[in-house]
Amino acid sequence: MKYKIGVAAVLMLLAVTAATTPQPAGAACPPPDSCASCPVLIQFDANCFAYETSYTKATFNSAPGSQMTVVGLIVSFGTPLNGLNNVADPNKEYTFVMSGLVSRGTLVSTNGPTTLYDCDYDSSSGSPVFTIYEGTPRNSPSTPAAWAANPFGGAVVPANHQDGTAILSGTLCGFHTAISKTGLIVGGSFRATYEFTGGTQYSAVGNGKSIVGGNWCPTSGGCTPANYTAHPNGKFDASATTPARRSTWGLIKSLYR
């Protein structure tokens, strides 16, 4: 299932995504681990939306201090988490919540006929965070009608996105959204550095630093339900860091027999 984004807008989304780099407003983020071609570790798609406490859709303006939360459903996992790829299980779902994202205000600039809207998000009390959950039953919204009927802050969102076991958690740094508008064509992207810090699957992935990012659709015409401010879809890239594994001296000696 996909929400409506025109072909021209998709092309612009891809162009903006490729050109955008994180622009942290505070201290510089640690660089991601070197990786020539990191594969996709976690992917999320249609059922992912952002909500801000002080955001004007018509002008793509995030007010300073506006608090943003991103919630969504995961559609697939890559190595070394591909053992979790039962995302179609009717009795189980994988969801995530990104929180602690505080806006430093939208900066508006122009580039010829294109108007650019850039915004950085950080936290006044530490790093923004994310958590990925494995939950039963499947009870978070998964259709346009369900999202429209369940505004952020109600009984379902974000409560049903965080009612399972925390399989991965971590921090975000340099969360940046970039929106461009040329005539009627609107596109956008987001990008941040992430680092895992915990969860039941932490030993499988380790604490390497990599990129989370993708498309960021800010318009309301078929892109976001009322009460939501953006429709992101994207991925967590895998880290080049090899996670540590517990072992024993006996197991190590057996490798050389």
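In table form, for the structure just shown:
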{"item": "Complete set of residues in the range 57-68 that are surrounded by fewer than 21 Cβ atoms within 10 Å (Cβ to Cβ) and not in a loop (DSSP other than H, G, I, E, B)", "result": "Lys57, Ala58, Thr59, Asn61, Gln67"}
{"item": "For Tyr133: the one exception among (1) within 27 Å of Gly198 (Cα to Cα); (2) surrounded by fewer than 20 Cβ atoms within 10 Å (Cβ to Cβ); (3) not acidic (Asp, Glu)", "result": "(2)"}
{"item": "Every pair of residues 6+ apart whose Cβ atoms lie under 7 Å, when the first sits in the range 69-96 and is surrounded by fewer than 21 Cβ atoms within 10 Å (Cβ to Cβ) while the second is in a loop (DSSP other than H, G, I, E, B) and among the hydroxyl-bearing types (Ser, Thr, Tyr)", "result": "Leu73/Ser140; Leu73/Ser142; Asn91/Thr136; Lys92/Thr136"}
{"item": "Matching strands (runs of 3 or more DSSP E) fully within the range 81-184 where at least 2 residues are closer than 23 Å to Lys57 by Cβ and at pLDDT 95 or above", "result": "93-111, 114-122, 165-182"}
{"item": "Options Thr229, Thr193, Thr219: the member that is in contact with a Lys or Arg (Cβ under 8 Å, 6 or more places away or on another chain), closer than 19 Å to Thr114 by Cβ, among the hydroxyl-bearing types (Ser, Thr, Tyr) and surrounded by 18 or more Cβ atoms within 10 Å (Cβ to Cβ)", "result": "Thr219"}
{"item": "Selected residue (only one of Ser34, Ser54 is more than 19 Å from the chain's Cα centre (by Cα), at pLDDT 95 or above, surrounded by fewer than 18 Cβ atoms within 10 Å (Cβ to Cβ) and of a type in the set (S, T, N, Q))", "result": "Ser54"}
{"item": "Selection status of Ala192, modelled with pLDDT of 95 or more, in a strand (DSSP E or B), among the hydrophobic types (A, V, I, L, M, F, W, C) and over 13 Å from the mean Cα position of the chain (by Cα)", "result": "no"}
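The values are calculated or read from the model by the stated rules, or taken from the named source; none is laboratory data. Remember, predicted model here, so these are calculated numbers, not experimental data. Counting neighbours? That spans all protein chains shown, and the Cβs are built from the backbone with ideal geometry, glycine included.
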